[in-house]
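Colleague: After the structure tokens below, expect a handful of questions from me.
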Amino acid sequence: GHKHESVVTPPTCTEQGFTTHTCHCGDTYTDTYVDALGHTYGNWYVTVAPTCTEQGTETRDCANCDHTETREVEATGHKYESVVTPPTCTTQGYTAHTCTACGDTYTDTYT
């Protein structure tokens with residue numbers, strides 16, 4: 001009769017596991033199939049920070065293998081603070097808007 005030695009190949013995130021039985025005469029068969037585990041992701045972390053005008057990127061890693069997922073993060077948009085400069089007898093008044101995150105500025109509401 002055959003005297004099979006068994007080798008267990010454990011499942012990974014993407015491949016099923018199984019047991020291979022091999023006899024010294026070369027006879028072999030596999031059984032005891034186990035479904036693939038699937039990825040187990042950690043928390044998202046910033047890999048490229050978004051700016052006021054440019055998208056960023058977040059990534060998360062699988063705890064069991066080297067697979068990663070990435071996703072885009074929308075630009076944050078400008079966050080303007082406004083300062084009103086009133087008119088004087090000789091100069092025009094206006095409102096200056098400055099983004100607190102990037103320093104972008106514009107003026108409007110001239111009086």
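Colleague: Report the net charge of residues surrounding residue 53, where surrounding means a beta-carbon distance below 13 angstrom and charges are Lys +1, Arg +1, Asp -1, Glu -1.
Modeller: -2
Colleague: Lys and Arg at +1, Asp and Glu at -1: add these up for the other residues within a Cβ distance under 15 Å of residue 67 and post the number.
Modeller: -2
Colleague: A follow-up question, please. For every other residue with a beta carbon closer than 12 angstrom to the beta carbon of residue 27, add +1 if it is Lys or Arg and -1 if Asp or Glu, then tell me the sum.
Modeller: Cβ neighbours under 12 Å give a net charge of 0.
Colleague: For a test of the definition: using alpha carbon positions, the gyration tensor, and the 1.5 limit on a/c, classify the chain as rounded, prolate or oblate.
Modeller: Note, shape of the chain comes out prolate.
Colleague: Would you please give the residues with an amide H less than 5 Å from that of residue 16, counting only those at least 5 places away or on a separate chain, with H modeled from the backbone geometry?
Modeller: 36
Colleague: So, one more: In nanometres, what is the gap between the two model label sites at residue 5 and residue 84, each 7 Å from Cα along Cα-to-Cβ?
Modeller: Result for the modelled spin labels: 8.8 nm.
Colleague: Taking θ as phi - 60°, what are the ³J(HN,Hα) couplings along the stretch 66-78 by the Karplus curve (6.51, -1.76, 1.60), each to the nearest whole Hz, with x for Gly and Pro?
Modeller: 9, 6, 10, 10, 10, 8, 7, 10, 4, 4, 6, x, 6
Colleague: Note down the relative contact order for the chain as a percent, whole number, built from C-alpha pairs under 8 angstrom at least six residues apart.
Modeller: With pairs under 8 Å counted, the relative contact order is 15 percent.
Laboratory data are not the source of any read-out in this text; all were calculated from the coordinates shown. These numbers come from a predicted model, not from an experiment. Positions of Cβ are backbone-derived with ideal geometry, glycine not excepted, and every protein chain shown enters the neighbour counts.
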